[in-house]
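S.K.: Have a look at this one before I ask anything.
The values are calculated or read from the model by the stated rules, or taken from the named source; none is laboratory data. This is a predicted model, so every value here is computed, not measured. Because the Cβ atoms are built from the backbone with ideal geometry, glycine has one as well, and the counts that use them run over all protein chains shown.
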Amino acid sequence: MKLTFYGGAGEIGGNKILLETQKARVFFDFGTPFTRNEKYYDGFDFLSPRDKLGMRDYFEFGMLPKIKGVYAKETLQDCDLKYEAPAFDAVFLTHIHQDHMGDVGDIDSGIPVYLGYGAKKLNDAYNTVNPYFKSEDNGNVIEFKTGDKIQIKDITVIPVHVDHSTPGAYGFIIKTLEGVIAYTGDFRFHGFKGNMTEDFMKAAKQYEAQTLICEGTRVQSKLEGLYKKNMTEADVESGLYEAMKASKGITYANFSFRNIDRVRSLYNAAVKAKKVLLASPGFFYALDNAGQLITGLPTLKNNKNMLVFKKDADISDDEKRILNYAKPYLANAVDYKWVKKNIGDVVMFASESEFSQLIDIKPNKGTFIYSMSEHYLDGEGFEAKKDCLQNWLEHFGLKFEQIHCSGHADATGVQKMLNGVNAKTVIPVHTEGATAFKDMCKSKVILPEKDGTITI
Ligand SMILES: [Zn+2]
Ligand SMILES: [Zn+2]
């Protein structure tokens, strides 16, 4: 059988792994690389690929692989790759991060896309909050649950849950006539549900996986030094609490609310610090949807520790422009005037696009908590953003604090996975430090190359 790495080889993210057996052709993940626009577009403020024209601009610069029989007909207008009927049996997605599913909206709807049940529900909720994002579901999504056995011609795919910074993340055990492959997706052991990653590791061992495709984001990362060693989600919660307690004014927290574990940590810390958590209707809509899938999440109803914040723009907007999902949340919302009066008792969650709220609130002291993934801010190419953030914080007298733990296992965690599965062959993906794997295990380590094929 053959494995071709159209993405995720020698890079963090953008995983697109094709498995071909005698009968089946199946993709595992179909993500967008973080660096896709780096070479031809990132330097321009007013230039981006013309999405309306489908693949044309992407193919010109080699930003998407030209694969026959995978893309939808309408994406290939006037492209040198001509449309062909679907030549693939399925796409299996590990989780709903863009670097794993970002390009799946472009594939032919005749190819089924397998996505975890909870992941699908959450993705639908996020798409409701941000309807301007391209929908990933072209009516071809099939949901699975952990432990299902999905037969695709001569292979059986068994999804097993793992812990990561978004709920509904899975690894796959893939049984073929020529042996068993285990693919980790993105994982960590140090979250609230690290035992789920243990479950995957044990299943891979139990099925005697001979080949392990393993992520290694933090195995040898330039950014590793920026994070406190061995920080767990529980440590993040206590860090958030300490920062809230010490804050001399407003506490302002910034991260992606797709990170539901972090939402829970922020809430728990706010309750302990006797502060009220304020956030947008979108935040609470996502939390309510996640609450139907995950036990132990806070609910907004009759909760004196959480309040909906109504932006000034929402007040002056006419009713039509207030999105349907937001309406029920705005009924008991508070505004910036309320925040001004209660500023020392408030923890405000805000995404980057909501920073303008600060202009209305006008804090002159407090703490800004940056609790975000390592892909942002500290990565190269974000200098301008870093400078602007610094200027906003100085303008409003806010102290910067970074409190974060990664969605990915550190080198010790990856080592644990390698030892636990003990596969004959290991293929590192989603990492810039693939060579480091050679010192971490006795297995044969094969380094994948971009667009390269490995026969196993
Ligand atoms: Zn990833
Ligand atoms: Zn991820």
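S.K.: Looking at the stretch 259-272 only, could you name the residues that are of a type outside the set (Asp, Glu) and crowded, with 21+ Cβ neighbours inside 10 Å?
M.R.: Answer for the stretch 259-272, where residues must be of a type outside the set (Asp, Glu) and crowded, with 21+ Cβ neighbours inside 10 Å: Asn259, Ile260, Arg262, Val263, Ser265, Leu266, Tyr267, Ala269, Ala270.
S.K.: State whether the residues of the stretch 93-105 include one that is in contact (Cβ under 8 Å) with a residue 24 or more places away in the chain, more than 16 Å from ligand 2 (Cβ to nearest atom), closer than 26 Å to Asp154 by Cβ and of a type in the set (Gly, Ala, Ser).
M.R.: Scanning the stretch 93-105 turns up no residue that is in contact (Cβ under 8 Å) with a residue 24 or more places away in the chain, more than 16 Å from ligand 2 (Cβ to nearest atom), closer than 26 Å to Asp154 by Cβ and of a type in the set (Gly, Ala, Ser).
S.K.: Do we have Thr32 as buried (at least 24 other Cβ atoms within 10 Å of the Cβ) and hydroxyl-bearing (Ser, Thr, Tyr) here? Walk me through it before giving the result.
M.R.: On the way: buried (at least 24 other Cβ atoms within 10 Å of the Cβ): no; hydroxyl-bearing (Ser, Thr, Tyr): yes.
So Thr32 fails the test.
S.K.: Same structure, new question: Please indicate, with yes or no, whether at least one residue in the stretch 113-132 is among the small types (Gly, Ala, Ser) and assigned to a loop (DSSP other than H, G, I, E, B).
M.R.: Let us first name the residues in the stretch 113-132 that are among the small types (Gly, Ala, Ser), namely 116, 118-119, 125.
Now restrict to residues that are assigned to a loop (DSSP other than H, G, I, E, B): none.
No, the stretch 113-132 has no match at all.
S.K.: Look at the stretch 103-121 and say how many of its residues are out of contact with any Asp or Glu (no Cβ under 8 Å at 6 or more places or on another chain) and either within 16 Å of ligand 1 (Cβ to nearest atom) or not assigned by TED's automatic domain parsing to the domain that holds Gln151 (or both).
M.R.: Qualifying residue count, the stretch 103-121: 2.
S.K.: Which fully enclosed strands (runs of 3 or more DSSP E) of the stretch 1-109 have 3 or more residues being modelled with pLDDT under 95 and out of contact with any Phe, Trp or Tyr (no Cβ under 8 Å at 6 or more places or on another chain)?
M.R.: On the way: elements: 2-7, 16-20, 25-28, 90-92.
Once the strands (runs of 3 or more DSSP E) in the stretch 1-109 are filtered for at least 3 residues that are modelled with pLDDT under 95 and out of contact with any Phe, Trp or Tyr (no Cβ under 8 Å at 6 or more places or on another chain), nothing remains.
S.K.: Let me ask something else about it. So which of Ile142, Ile158 ends up being assigned by TED's automatic domain parsing to the domain that holds Lys175, farther than 22 Å from Thr197 by Cβ and β-branched (Val, Ile, Thr)? Steps first, please.
M.R.: Details: Ile158 fails: farther than 22 Å from Thr197 by Cβ.
The conditions single out Ile142.
S.K.: A follow-up question, please. Take Cys441 and tell me if it is part of a loop (DSSP other than H, G, I, E, B), within 16 Å of ligand 1 (Cβ to nearest atom) and touching a helix residue (DSSP H, G or I) at 6+ places or on another chain (Cβ under 6 Å). Working first, answer last.
M.R.: Numbers: part of a loop (DSSP other than H, G, I, E, B): yes; within 16 Å of ligand 1 (Cβ to nearest atom): no; touching a helix residue (DSSP H, G or I) at 6+ places or on another chain (Cβ under 6 Å): yes.
Against the criterion (part of a loop (DSSP other than H, G, I, E, B), within 16 Å of ligand 1 (Cβ to nearest atom) and touching a helix residue (DSSP H, G or I) at 6+ places or on another chain (Cβ under 6 Å)), Cys441 does not qualify.
S.K.: Among the residues of the stretch 195-218, which ones are at pLDDT below 95 and out of contact with any helix residue (DSSP H, G or I) (no Cβ under 7 Å at 6 or more places or on another chain)? Lay out the reasoning, then the answer.
M.R.: First, pick out the residues of the stretch 195-218 that are at pLDDT below 95: 217-218.
Selection gives Thr217 alone.
S.K.: How about the stretch 408-439: which of its residues are within 16 Å of ligand 2 (Cβ to nearest atom) and within 23 Å of Phe192 (Cβ to Cβ)?
M.R.: Hits for the stretch 408-439 are His408, Ala409, Asp410, Gly413, Val414, Met417, His430.
S.K.: Which pairs have Cβ atoms under 8 Å, sit 6 or more apart or on different chains, and link a residue in the stretch 22-33 that is assigned by TED's automatic domain parsing to the domain that holds Ile12 and among the polar types (S, T, N, Q) to one that is within 16 Å of ligand 2 (Cβ to nearest atom) and assigned to a loop (DSSP other than H, G, I, E, B)?
M.R.: Close Cβ pairs (under 8 Å, with a partner that is within 16 Å of ligand 2 (Cβ to nearest atom) and assigned to a loop (DSSP other than H, G, I, E, B)) amount to Thr32/Gly13; Thr32/Gly14; Thr32/Gly102; Thr32/Asp103.
S.K.: Would you tally the residues in the stretch 132-183 being at pLDDT 95 or above, in contact with an Asp or Glu (Cβ under 8 Å, 6 or more places away or on another chain), under 16 Å from Pro112 (Cβ atoms) and surrounded by fewer than 19 Cβ atoms within 10 Å (Cβ to Cβ)?
M.R.: 1
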